[in-house]
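Student: First the structure, then my questions, so here it is.
All of the numbers you see were taken from the coordinates with simple rules; none came from a lab. These figures come from a predicted structure and were not determined experimentally. Here the Cβ positions follow ideal geometry from the backbone for every residue, glycine too, while neighbour counts run over all protein chains shown.
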Amino acid sequence: MADIISATGKRKTAIARVRLKLGTGAILVNGRNVDEYFPRGADQLKVRKPLEMTESLERYDITANIHGGGTSGQAGALRHGIARALEKLDPNQRLVLKRAGFLTRDPRRKERKKYGQKGARARYQFSKR
């Protein structure tokens, strides 16, 4: 087994570079604890889910650098990166992670504004008379 496993996760415009190594279960994001970096409980659960699914919550130390996007997108990018690193570490976990949908990059992005319209889908108000 390699000493440190690294992987990249993406979601919307957020990119997470994740490094995984044997340890006590500490998760550091941009030099801060994960609970401090993601104050919302939903984001914390999202980040820890791949570790719970593979029963390795307190087996690995995770260090991540994240940039771009908002908090929810960053949490999704971190989850994607952790899942990819776990799969790289133990290919037997692939089926569990794939079934949960953690290895699939979420393709949803913001739709662009169209010309002649107020937004992506919203039109300017139309008056017949």
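Student: Tell me which residues, restricted to segment 8-65, are touching a helix residue (DSSP H, G or I) at 6+ places or on another chain (Cβ under 9 Å), of a type in the set (Lys, Arg) and closer than 20 Å to residue 92 by Cβ.
Tutor: Those that are touching a helix residue (DSSP H, G or I) at 6+ places or on another chain (Cβ under 9 Å), of a type in the set (Lys, Arg) and closer than 20 Å to residue 92 by Cβ: 49, 59.
Student: Quick one: in segment 1-24, of everything that is assigned to a loop (DSSP other than H, G, I, E, B) and not charged (D, E, K, R), which residue is nearest to the chain's Cα centre (by Cα)? Before the answer, list the steps.
Tutor: Here is the first cut: in segment 1-24, the residues assigned to a loop (DSSP other than H, G, I, E, B) are 1-4, 12-13, 23-24.
Applying the additional criterion that residues be not charged (D, E, K, R) yields 1-2, 4, 13, 23-24.
Details: 1: 24, 2: 23, 4: 19, 13: 11, 23: 21, 24: 21 Å.
Among those that are assigned to a loop (DSSP other than H, G, I, E, B) and not charged (D, E, K, R), it is 13.
Student: What are the residues in segment 8-30 that are small (Gly, Ala, Ser) and farther than 12 Å from residue 66 by Cα, if any?
Tutor: Of the residues in segment 8-30, the ones small (Gly, Ala, Ser) are 9, 14, 16, 23, 25-26.
Result: 23, 25, 26.
Student: Within segment 45-62, how many residues turn out to be hydrophobic (A, V, I, L, M, F, W, C), buried (at least 16 other Cβ atoms within 10 Å of the Cβ) and closer than 15 Å to residue 33 by Cα? Explain how you work it out, then say what you get.
Tutor: Here is the first cut: in segment 45-62, the ones hydrophobic (A, V, I, L, M, F, W, C) are 45, 47, 51, 53, 57, 62.
Remaining after also requiring buried (at least 16 other Cβ atoms within 10 Å of the Cβ): 47, 51, 53, 62.
Filter once more, so that each one left must be closer than 15 Å to residue 33 by Cα: 47, 62.
Here the count works out to 2.
Student: State whether one or more residues within segment 79-90 are within 13 Å of residue 20 (Cβ to Cβ), of a type in the set (A, V, I, L, M, F, W, C), part of a helix (DSSP H, G or I) and without any contact (Cβ under 8 Å) to a residue 60 or more places away in the chain.
Tutor: no
Student: With 24, 63, 71, 104 as the choices, which residue is of a type in the set (S, T, N, Q), in contact (Cβ under 8 Å) with a residue 24 or more places away in the chain and more than 22 Å from residue 4 (Cα to Cα)?
Tutor: The conditions single out 71.
Student: One residue is enough: does segment 107-128 have a residue meeting the conditions within 27 Å of residue 13 (Cβ to Cβ), of a type in the set (Ser, Thr, Tyr) and surrounded by 10 or more Cβ atoms within 10 Å (Cβ to Cβ)? Outline the logic, then answer.
Tutor: The first filter runs over segment 107-128 and keeps only residues within 27 Å of residue 13 (Cβ to Cβ), leaving 107-123.
Those left that are additionally of a type in the set (Ser, Thr, Tyr): 115.
Going one step further and asking which of them are surrounded by 10 or more Cβ atoms within 10 Å (Cβ to Cβ), we end up with none.
Looking through segment 107-128, none of the residues is within 27 Å of residue 13 (Cβ to Cβ), of a type in the set (Ser, Thr, Tyr) and surrounded by 10 or more Cβ atoms within 10 Å (Cβ to Cβ).
Student: Take the residues in segment 95-129 that are hydrophobic (A, V, I, L, M, F, W, C) and not in a loop (DSSP other than H, G, I, E, B), then tell me which one is nearest to residue 72 (Cα to Cα). Even if it seems obvious, please write down each step before you answer.
Tutor: Residues of segment 95-129 hydrophobic (A, V, I, L, M, F, W, C): 95-97, 100, 102-103, 120, 122, 126.
Those left that are additionally not in a loop (DSSP other than H, G, I, E, B): 95-97, 100.
Working: 95: 25, 96: 23, 97: 20, 100: 18 Å.
Looking at residues that are hydrophobic (A, V, I, L, M, F, W, C) and not in a loop (DSSP other than H, G, I, E, B), I get 100.
Student: Looking only at residues in segment 63-100 that are of a type in the set (S, T, N, Q) and under 24 Å from residue 39 (Cα atoms), which one is nearest to the chain's Cα centre (by Cα)?
Tutor: Residue satisfying both the conditions and the ranking: 74.
Student: Does residue 115 satisfy the condition of being within 15 Å of the chain's Cα centre (by Cα) and without any contact (Cβ under 8 Å) to a residue 24 or more places away in the chain? Please lay out each step first, then the result.
Tutor: Working: within 15 Å of the chain's Cα centre (by Cα): no; without any contact (Cβ under 8 Å) to a residue 24 or more places away in the chain: yes.
For residue 115, the condition - within 15 Å of the chain's Cα centre (by Cα) and without any contact (Cβ under 8 Å) to a residue 24 or more places away in the chain - is not met.
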